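Step one of this worksheet: look at the structure below.
The values are calculated or read from the model by the stated rules, or taken from the named source; none is laboratory data. From a predicted model like this one, the values you see are computed outputs, not experimental measurements. Cβ: placed from backbone, ideal geometry, glycine included. Neighbour counts: every protein chain shown. The protein model used for the area step is the full one, side chains on, heavy atoms only, and it has no ligands, DNA or RNA in it. Shrake-Rupley method; radii C 1.70, N 1.55, O 1.52, S 1.80 Å.
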Amino acid sequence: PRIPGTPGGEAARDFLLDRLDALRLEPAGNDGYVQLIPPIGGSNLLARIPGESDRSVLLAAHYDACGTDNPGADDNAAAVSIVLRVAGHLVGRSLDRSVIIALFDAEEPPYFLTPAMGSQWFVDHPTVPLESIDTMICLDLVGHALGPDGMPAAVRDSVFVLGAEKSTGTAALLDGLPPVAGIAPRRIDNYIIDSMSDYDAFMNAGIPF
């Protein structure tokens, strides 16, 4: 279990701190990579890959898991692994914007959509200027196929993309991506469903996601 402030949550944090350090990312928390969430004993983990401008893109996934008997592979270890893989791919490259790597704690209930939710805590207590963030990319629930076995690959490979309609040019950028085997991005307007992940705090702060 990876509930914030528990031994499992702290073990996950320490594992991820080792990974961020191994990637040689620049710390972007209040204490190295760490941004404490004092009310619940949780910790956001924040790093930076520097770019050539003072603008940034924030790439995020939450690392806590819901409940005491849930391994949390899909929700949300798969997304955390993608964030780390992308970070490793970007280190050492010449980047237009900086990339902020955010591994948020406390996304799951009972903290979801409360001031103690890790992403909300970050927006309320930013360690980088919020006005410098051009886009927040949130990965969640990306480790499972859609529908039961036997469904067509075009359905099973779906990855839903929310929020692209909220910012100029994002939808066209997404629609223009070349095909990738095993992934079928499908844009849906954010207003169709209630907020489901860490993008909520950024959306409410007027940051594209």
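Within region 137-162, the residues that satisfy the criterion of being touching a Lys or Arg at 6+ places or on another chain (Cβ under 9 Å) and open to solvent by less than 70 Å² (accessible area, probe 1.4 Å) are 145, 146, 147, 158, 159, 161, 162. Scanning region 184-205 for residues that are more than 21 Å from residue 102 (Cβ to Cβ), open to solvent by 90 Å² or more (accessible area, probe 1.4 Å) and among the hydrophobic types (A, V, I, L, M, F, W, C) returns a single hit, 192.
Cβ-Cβ contacts under 7 Å between residues 6 or more apart (or on different chains), taken from a first residue in region 179-198 that is in contact (Cβ under 8 Å) with a residue 40 or more places away in the chain to a second residue that is open to solvent by 80 Å² or more (accessible area, probe 1.4 Å), are listed as 195/113. For region 71-116, which positions are open to solvent by 40 Å² or more (accessible area, probe 1.4 Å), among the hydrophobic types (A, V, I, L, M, F, W, C), assigned to a loop (DSSP other than H, G, I, E, B) and in contact (Cβ under 8 Å) with a residue 60 or more places away in the chain? Selection gives 91, 113.
Residues are listed down the side, and each one gets a yes or a no for (1) under 24 Å from residue 112 (Cβ atoms); (2) free of Cβ contacts under 8 Å to residues at least 12 places away in the same chain; (3) among the β-branched types (Val, Ile, Thr):
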{"position": "2", "(1), (2), (3)": "yes, no, no"}
{"position": "6", "(1), (2), (3)": "yes, yes, yes"}
{"position": "26", "(1), (2), (3)": "no, no, no"}
{"position": "35", "(1), (2), (3)": "yes, no, no"}
{"position": "45", "(1), (2), (3)": "yes, no, no"}
{"position": "49", "(1), (2), (3)": "no, no, yes"}
{"position": "69", "(1), (2), (3)": "yes, no, no"}
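For region 163-172, which positions are surrounded by 11 or more Cβ atoms within 10 Å (Cβ to Cβ) and in a helix (DSSP H, G or I)? Result: 164, 165, 166, 170, 171.
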